[in-house]
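Asks: Sharing a structure with you now.
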Amino acid sequence: MTLDRLRPYVSGLLSPAIAGAARLRLTPNFFSAVALIAAFAAGGAFYFGEIVWGVILVAVNAVFDAMDGALARELEVASLRGDFIDHVSDRYADIVIITGLFAGGAASWQIGVFALTGVLMSSYMGTQAQALGVGRYYGGVLGRADRLVLLIIAGLLDLIFAAPVYGLPYLGWLLVIYGVFGHYTALQRIVYIWKRL
């Protein structure tokens with residue numbers, strides 16, 4: 001189910017933008033920085049109830065996050081430091097966006113913490129596989145690309161249908177989904193790693 005498998009195709013769609021960035025001598029770290037700034041701004045927008053801006057900024061984060069790695073490969077400057085920066089930026093992006101959602105009232109703090117721990121644990125297991133010599137693994141039902149697409153969809157649904165569903169807005173239910181499927185994805189990755197140790 002995970003949309004992370006589509007990254008090569010997304011990179012192909014971004015080829016014109018990547019070529020333009022290379023001509024302008026922009027660096028992969030530039031795109032990582034802009035993606036992170038967009039994530040912080042999205043978290044702030046959700047906190048203040050500005051769903052339109054939140055959705056737009058999440059989309060900006062997604063596009064620029066896809067471009068940093070693609071540009072690094074295009075320029076043949078991919079490095080461990082760049083990979084490290086990308087992972088750190090992604091985790092901070094996850095934290096500020098999810099915190100912005102539940103601190104802004106989309107759901108209770110309990111649901112928010114459940115969502116946040118699910119997302120962080122699933123992401124951690126993906127890189128822990130590599131640390132243990134199994135090789136980086138991003139399988140499971142809910143990857144980062146899935147989360148970003150679902151976040152944009154939930155935000156649009158809240159804009160179109162303002163009424164809550166069983167007491168929660170769509171963005172609140174999204175946090176429930178993040179929690180349930182985030183922890184389930186972490187469990188899938190734990191089992192995958194364990195079997196290969």
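The values are calculated or read from the model by the stated rules, or taken from the named source; none is laboratory data. Here the structure is a predicted model, which is why all the values come from computation and not from measurement. Glycine gets a Cβ as well: all are built from the backbone with ideal geometry, and neighbour counts include every protein chain shown.
Asks: Have a look at 92, 137, 124 and point out the one that is among the aromatic types (Phe, Trp, Tyr), in a loop (DSSP other than H, G, I, E, B) and surrounded by fewer than 22 Cβ atoms within 10 Å (Cβ to Cβ).
Replies: So the residue among 92, 137, 124 that is among the aromatic types (Phe, Trp, Tyr), in a loop (DSSP other than H, G, I, E, B) and surrounded by fewer than 22 Cβ atoms within 10 Å (Cβ to Cβ) is 137.
Asks: Another question, then. Would the stretch 142-157 turn up any residue that is part of a loop (DSSP other than H, G, I, E, B), within 25 Å of residue 191 (Cα to Cα) and in contact (Cβ under 8 Å) with a residue 60 or more places away in the chain?
Replies: Yes: one or more hits.
Asks: Here's a follow-up. Can you tell me how many residues in the stretch 140-162 are within 15 Å of residue 55 (Cα to Cα), among the β-branched types (Val, Ile, Thr) and in contact with a helix residue (DSSP H, G or I) (Cβ under 7 Å, 6 or more places away or on another chain)?
Replies: The total comes to 2.
Asks: Of 101, 71, which residue is closer than 19 Å to residue 168 by Cβ, part of a helix (DSSP H, G or I) and not charged (D, E, K, R)?
Replies: 101
Asks: What number of residues in the stretch 62-105 are modelled with pLDDT of 95 or more and polar (S, T, N, Q)?
Replies: Selection size over the stretch 62-105: 1.
Asks: Keeping to the stretch 90-115, report how many residues are small (Gly, Ala, Ser) and in contact (Cβ under 8 Å) with a residue 60 or more places away in the chain.
Replies: 4
Asks: When both residues are 6+ apart or on different chains and their Cβ atoms are under 7 Å apart, which pairs have a first residue that lies in the stretch 49-77 and is more than 14 Å from residue 93 (Cα to Cα), and a second that is among the acidic types (Asp, Glu) and assigned to a helix (DSSP H, G or I)?
Replies: If the second residue must be among the acidic types (Asp, Glu) and assigned to a helix (DSSP H, G or I), the pairs left are 51/158; 68/86; 69/86.
Asks: Let me ask something else. In this structure, is residue 71 buried (at least 21 other Cβ atoms within 10 Å of the Cβ) and closer than 16 Å to residue 147 by Cα?
Replies: Criteria not met by residue 71.
Asks: OK, next. Residue by residue through the stretch 95-121, note down the ones that are within 15 Å of the chain's Cα centre (by Cα), of a type in the set (A, V, I, L, M, F, W, C) and surrounded by fewer than 23 Cβ atoms within 10 Å (Cβ to Cβ).
Replies: 95, 96, 116, 120, 121
Asks: Then there is this: May I ask you to say which residue of 32, 79 is among the hydroxyl-bearing types (Ser, Thr, Tyr) and surrounded by fewer than 17 Cβ atoms within 10 Å (Cβ to Cβ)?
Replies: 79
Asks: Something else: Across the stretch 151-169, what is the number of residues that are surrounded by fewer than 19 Cβ atoms within 10 Å (Cβ to Cβ) and either closer than 14 Å to residue 98 by Cα or among the hydrophobic types (A, V, I, L, M, F, W, C) (or both)?
Replies: Selection size over the stretch 151-169: 11.
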